[in-house]
Amino acid sequence: MSELHKFLFDGLPVRGVIVRLTDAWQEILARRRTDDAQAPWPWPVMRMLGEMAAASTLMQANIKFNGALIMQIFGEGPVKVAVAEVQQDLSLRVTAKVVGEVAADAHLQQLVNVHGRGRCAITLDPKDRLPGQQAYQGVVPLNASQAAGQPQLSDVLQHYMRQSEQLDTCLVLAADENVAAGLLIQRLPAEGDANLQGMEADEQMEHFNRVATLASSLTSDELLQLDVETILRRLFWQEKILRFDPQTPRFACTCSRERVAGMIRGLGQEEAESILSEREEIDVTCDFCGQHYRFDAVDTAQVFMAPGDRPPATSTVQ
Ligand SMILES: [Zn+2]
């Protein structure tokens, strides 16, 4: 089962989160495979989406926020857009729009940042938005991390967190066709923590750097193949770790027939009727979960009726 564990390094200004998405990730891939409306993702796209799923789950678990965390990559390259969305209860969904040929060995750069203009946006969308309240969004260029060699998603996100939250962060991410996993180590903001009073800034940084160095020694293969207990023991056996109750991320989609009806309403009656003049029904497939929503002429006419004109949703004849 998919699992997420939070932990603290006792007496140190450092916290961590580790996630392994197994059944949740496999369900996302299985839905895509069995969706006849869409092609399965090429392997490099699948790996990027898996890393996005793991990273967004780590980030959602690491903040106190009631709403959805949405990670979007606006690519320039064969992948036009990639999205991972995680709700506060750690239910998640991902999708990507592939518009060109993907080389079998493509890295992040070749997928979404061919000319260096790709961007990554993190949006925090509050659950019960007050009137006039906006979602918070931070954007970082994909080539801002200035990592040597092939920049990875983890480099981009580490840079993002240092810039937007002023928090030093170490991220390790990996994904294959069975597991999407990640480890996040972050330096805690020091103020007000009685535990850390008296610790000099230099000393705090030293502790963080030591733990981050241990964390970044974790290889992709280890992250994908070992269970959480083994990973934490192998990396941090010399540290005193305080554990929290594990959480269970799962796949869930927030699409609904009502939302699709709203989309059709957005097209306008004329456009909707023109589609129906060419085919029997409007068939909308959810990009995230593969669910089909079919609206025939009668359903479509109802979409454009004023609320008062609609027949009751259920009618019982005695
Ligand atoms: Zn859906």
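The values are calculated or read from the model by the stated rules, or taken from the named source; none is laboratory data. These numbers come from a predicted model, not from an experiment. Neighbour counts run over all protein chains shown; Cβ positions are idealised from the backbone, glycine included. Heavy atoms of the whole protein, side chains included, go into the accessibility calculation; ligands, DNA and RNA do not. Shrake-Rupley method; radii C 1.70, N 1.55, O 1.52, S 1.80 Å.
When E278 is tested against the conditions (1) within 16 Å of the ligand (Cβ to nearest atom); (2) open to solvent by 50 Å² or more (accessible area, probe 1.4 Å), the lone failure is (1).
Mind listing whichever residues of the stretch 137-162 are among the hydrophobic types (A, V, I, L, M, F, W, C), surrounded by fewer than 19 Cβ atoms within 10 Å (Cβ to Cβ) and not in a strand (DSSP E or B)? Of everything in the stretch 137-162, those that are among the hydrophobic types (A, V, I, L, M, F, W, C), surrounded by fewer than 19 Cβ atoms within 10 Å (Cβ to Cβ) and not in a strand (DSSP E or B) turn out to be A144, A147, A148. When the stretch 225-277 is filtered for residues that are among the β-branched types (V, I, T) and in contact (Cβ under 8 Å) with a residue 40 or more places away in the chain, the ones remaining, listed by number, are V228, I231, I241, T248, T254. When the helices (runs of 4 or more DSSP H) confined to the stretch 196-305 are screened for residues that are under 29 Å from the mean Cα position of the chain (by Cα), those reaching at least 2 such residues are found at 201-216, 220-225, 228-236, 257-267. Within the stretch 163-182, is there a residue that is at pLDDT 90 or above, part of a strand (DSSP E or B) and surrounded by fewer than 16 Cβ atoms within 10 Å (Cβ to Cβ)? The answer is no, given that none of the residues of the stretch 163-182 is at pLDDT 90 or above, part of a strand (DSSP E or B) and surrounded by fewer than 16 Cβ atoms within 10 Å (Cβ to Cβ). Looking at the stretch 216-251, which of its residues are of a type in the set (A, V, I, L, M) and in contact with a helix residue (DSSP H, G or I) (Cβ under 9 Å, 6 or more places away or on another chain)? Within the stretch 216-251, L218, L223, L226, I231, L235, I241 qualify. Restricted to the stretch 6-108, the set of strands (runs of 3 or more DSSP E) holding at least 3 residues that are open to solvent by 10 Å² or more (accessible area, probe 1.4 Å) comprises 67-74, 79-86, 91-98.
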